[in-house]
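Note sheet for the following structure.
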Amino acid sequence: MLTGILLLFCSFFNPAMDTIDNREWKTLEMNDFKIDYPAEWQGESFENSVQEFTITSPYENEEDYYADFVNLAILKLPGLNKNLETYVTEFSRDIPFIYQKAMIRTNEKAVRAGRECYILEYAGVFNDFPIAYRQYIWFQNESAYTLSFTAQQGSFEHWESVATKIMDSFTFKK
């Protein structure tokens, strides 16, 4: 009984934590990709855009003015002779020039969606707005595929476990 009360108490103060495995999930399916997300998040796909889809978190209260999100962007880089390592090295080198007070927390090679990628986690201030990222970056067919969780720094930890589960559900169909 004490465990149940403690779990109820913790879930009341951290709604993202309580139901990550008990939520209803939807699937956003496109020609080349598939990703799952909680039903209370909003999924939208785009045609003819660098951004393939965006999955947006719900607002937590009336004071929450920034919807955190997961999205996939594909940047075509034909003829530039890049690969995964050169792209991530150049990209991570630019972070301190784009964001004030930039801090890279993670920059490591891993396997996600069955393919080799880099995981980048970093935070900084952009136009006086504190922002944080977790990104999975793949490179194939002269294109960088970047799956990102983007959040206001104050809410990054709140949605981190849910966003990671969304990102880890991502699969390439081809």
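Bear in mind these aren't lab numbers, they're just calculated from the coordinates by the rules spelled out. Every value quoted in this text rests on a predicted model; they were computed, and no experiment measured them. Cβ coordinates were reconstructed from backbone atoms using ideal geometry, including for glycine residues, and neighbour counts include every protein chain displayed.
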- What value, in deg cm²/dmol to 500, does the helix sum -39500 (n - 2.57) over DSSP H runs of n ≥ 4 give at 222 nm once divided by the residues of the chain? -7500 deg cm²/dmol
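Could you list the chymotrypsin sites (Phe, Trp or Tyr not before Pro) in the range 23-81 that lie in coil according to DSSP, counting only those with at most 12 other Cβ atoms within 10 Å of their Cβ? Show your work: numbers first, answer last.
Values: sites: Trp25, Phe33, Trp41, Phe46, Phe53, Tyr59, Tyr65, Tyr66, Phe69; in loops: Trp41, Phe46, Tyr59, Tyr65, Tyr66.
Taking the range 23-81 and a limit of 12 other Cβ atoms within 10 Å, the loop chymotrypsin sites (Phe, Trp or Tyr not before Pro) found are Tyr59, Tyr65.
About its Cα centre, what dipole magnitude does the chain give when the only charges are +1 on Lys and Arg Cβ and -1 on Asp and Glu Cβ, stated in debye to the nearest 20? Don't jump to the answer; show the numbers that get you there.
Details: 15 positive and 26 negative charges, 147 e Å.
Result for the chain is approximately 700 debye, rounded to the nearest 20.
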- Can you tell me the 0 to 90 degree angle between the C-alpha axis of helix 2-13 and the longest principal axis of the chain, rounded to 10? 60
- Around Trp25, which amide H atoms from residues at least 5 apart in sequence, or from another chain, sit under 5 Å from its own amide H, with H modelled in the peptide plane? Ala39
- Query: How far, in degrees from 0 to 90, does helix 156-168 lean away from the longest principal axis of the Cα atoms of the chain, to the nearest 10?
  - Reply: 60
- Note on the structure: So, relative contact order of the range 24-172 in percent, Cα under 8 Å, 6 or more apart, is 23
- Would you pull out the residues with amide H under 5 Å of Glu52's amide H, same chain only if 5 or more places away, H placed 1.01 Å from N? Leu72, Ala73, Ile74
